[in-house]
Amino acid sequence: MTTARPATARPPVPEAVHRRRWAILAVLMLSLLIVVLDNSILNVAMKTIATPDPVGLGATHSQLEWAINSYTLVFAGLLFTSGLLGDRWGRKKVMMFGLAVFGAASALAGMADSPGELIAFRALMGFGAAFVMPATLAILMNVFDRDEQPKAIGVWAAGVGLAIAIGPITGGLLLEHFWWGSVFMINVPIVLLALAAMALLVPESRDPAPGRMDPLGVLLSVVGLVLLVYGIITGGRLADFTDPEVLLTVGAGLAVLAGFVLHEKRSEHPALDVRWFRNPAFSAAVTALALVFFALMGVTFFMVFYLQSVRGFTPLQTGLLLIPLAAAQLFFAPRARLVVDRFGARATCAGGLLTIAATMTAFLLLDGDTPIWVLELVFFFQGAGMAHIAPPVTVTVMQALPREKAGSGSAVNNIFRQVGGALGVAVLGSLLSASYRGRIDGELAAVPGLSRDARHAAGESIESTLALADGLGPAGRALAGRADEAFVHAMHVTAVTGAAVVLLGAVVAVFFLPGRRPEERAGTGAAGAEAPGDGGAGVVGARTGGAGAGGGKDGDREPGAGEAER
């Protein structure tokens with residue numbers, strides 16, 4: 001780790017930038033909001049998109065998974081490339097480019113005529129988003145003083161909770177009055193507002209010695225992840241994970257990812273420096289984050305179908321029912337640093353993970369007529385648990401790396417969050433599909449005159465079964481009831497599996513995350529001792545700890561090189 005230069009070696013944050021730092025954070029949160037908002041809106045719209053034309057696109061279960069994962073995999077694969085481009089060209093420029101691409105791709109997704117087109121345009125949206133999210137944290141580190149950075153990061157993390165709250169409600173309102181594509185079209189005016197505000201308020205920052213590109217590493221990571229997740233989704237669709245197509249695709253994906261690791265170890269300019277993972281705190285932090293998002297994204301995938309297909313709620317009602325989950329994150333995330341100051345990152349994250357595991361287990365209480373307040377209570381505690389994981393994990397990742405690597409730390413934090421979420425949708429979504437098919441196939445076999453192909457298609461998801469039941473008259477009502485029972489059983493199996501994954505994350509947190517530091521026990525606190533990106537170097541001086549002392553990748557540069565500009 002590099003040694004901090006005296007405070008006089010770095011100029012303070014420019015006064016004009018310091019005065020508008022909270023306005024800049026608001027712009028960064030608006031940009032972050034739209035990236036997260038898109039996925040939360042899509043969750044509410046999945047049932048509508050699965051409905052046949054003209055209401056939706058008639059997307060199958062696996063196509064819905066790919067509509068989510070095409071975005072996530074492209075986003076995760078390009079995070080480090082976007083970080084290098086931000087260092088070279090300026091983070092503000094790269095972020096504005098990403099927003100423009102995201103807005104254009106959103107408009108195209110809203111006009112898609114088929115599930116295949118939707119998946120392709122969602123991938124393009126992921127390309128744009130990859131240039132947005134890492135830059136938000138890197139810019140934040142360049143405009144806030146060291147002592148204010150933990151508070152600002154808590155607010156930044158709370159932006160996820162805000163997006164979770166706004167997304168489903170906005171999606172529900174749009175689906176009540178417009179066609180399904182409106183959930184993507186809503187991104188366009190928000191993008192235009194964010195671009196205008198960014199041009200006026202956000203300062204430019206860059207690294208005077210940016211790293212080189214690693215196109216082979218990026219290609220290997222994207223190809224490996226796509227093959228791996230495609231194989232898992234195919235296993236769920238076929239209800240057979242031993243099928244040769246599944247085994248070959250998953251094996252090829254693992255082989256390509258192994259080649260990616262070997263390439264990164266030998267590369268002089270890796271997209272992902274695998275040596276960082278030798279640090280136990282760093283590895284534990286990103287692993288815990290990946291595991292919790294693995295479980296949460298998988299659970300979110302089935303929860304929308306439970307609320308709309310089994311319980312009969314509208315998209316707007318579904319959005320309103322998700323408010324406790326989001327409100328808890330929005331309330332607790334900015335305050336998580338206070339819990340870390342008192343108990344340390346290890347206890348805080350482990351407690352949050354155990355809370356989420358308990359709430360996932362509580363899904364076993366849900367059936368077709370459980371009082372809705374039970375679900376609302378579960379959602380609230382689930383959101384509270386999540387709020388005590390993301391902020392301290394982010395701080396741990398940032399502090400585990402040298403100060404000049406804070407921007408890369410942000411990318412690592414995001415890539416494991418996204419990859420964990422993508423695999424969660426694939427694995428738990430496939431488990432849900434396989435469990436559902438195992439229960440409903442017998443019922444479909446009893447339907448007279450139903451061909452083998454039609455039976456297979458009707459058993460792929462509860463929406464497919466209900467579509468068949470709608471045309472069967474009185475017999476269809478009985479089939480619909482059996483479909484609800486089969487889905488609830490599959491939901492229980494999936495939720496318990498998700499809880500087990502989160503418990504594994506809690507074990508990782510307990511054994512490998514750092515506990516309270518001596519200075520925290522003495523009353524110094526994390527906020528004053530080691531702000532994210534400072535790596536413990538702690539430069540003291542009037543407004544010298546933000547852009548100069550610990551700001552992103554520019555932490556140890558010469559005076560004035562790459563500082564936040566007016």
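No lab work stands behind these numbers, since they all come straight from the coordinates. Just so you know, these numbers come straight off a predicted model, no measurement behind them. Please note: Cβ atoms are built from the backbone with ideal geometry, for glycine as well, and neighbour counts cover all protein chains shown.
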Burial-style ranking of 174-183, 63-72, average other-beta-carbon count within 10 Å with highest first, yields 63-72, 174-183
Yeah, region 166-325 with a ≥ b ≥ c from its alpha-carbon gyration tensor (a/c under 1.5 is rounded, else prolate when a/b outruns b/c, oblate otherwise) is oblate
Expressed in µm² per second, the diffusion coefficient of region 215-270 from the Stokes-Einstein equation, with Rh the Kirkwood radius over alpha carbon pairs, at 4 °C and 1.567 mPa s, is 112 µm²/s
On each of the three principal axes the extent of the alpha-carbon atoms of region 17-205, given in whole Å and largest first, is 53, 31, 25
By the Cα gyration tensor axes a ≥ b ≥ c (a/c under 1.5 gives rounded; else a/b larger than b/c gives prolate, otherwise oblate), the shape of region 267-339 is prolate
Note: I372 to H177 extended length (0.36 nm per residue) minus current alpha-carbon separation gives 67.7 nm
With the 8 Å Cα cutoff and a minimum separation of six or more residues, region 17-205 has a relative contact order in percent of 38 percent
With label points set 7 Å from each Cα along the Cα-to-Cβ direction at F511 and L193, the distance between them in nm comes to 4.7 nm
Here the FRET efficiency for W22 versus A454, based on Cβ atoms and R0 = 51 Å and rounded to 0.05, is 0.30
Simple SL model, points at 7 angstrom along Cα→Cβ for L338 and D441; separation in nm is 5.4 nm
In this structure, the FRET efficiency calculated for A358 and L254 from their beta-carbon separation, with R0 = 35 Å, to the nearest 0.05, is 0.60
Sorted on mean Cβ neighbours within 10 Å (highest first), peptides 333-341, 45-53 come out as 333-341, 45-53
Whole-Å distance linking the alpha carbon centroid of region 239-310 with that of region 86-132 is 22 Å
A student applying the Cα gyration tensor rule (rounded when a/c is under 1.5; otherwise prolate if a/b is larger than b/c, oblate if not) would label region 244-377 oblate
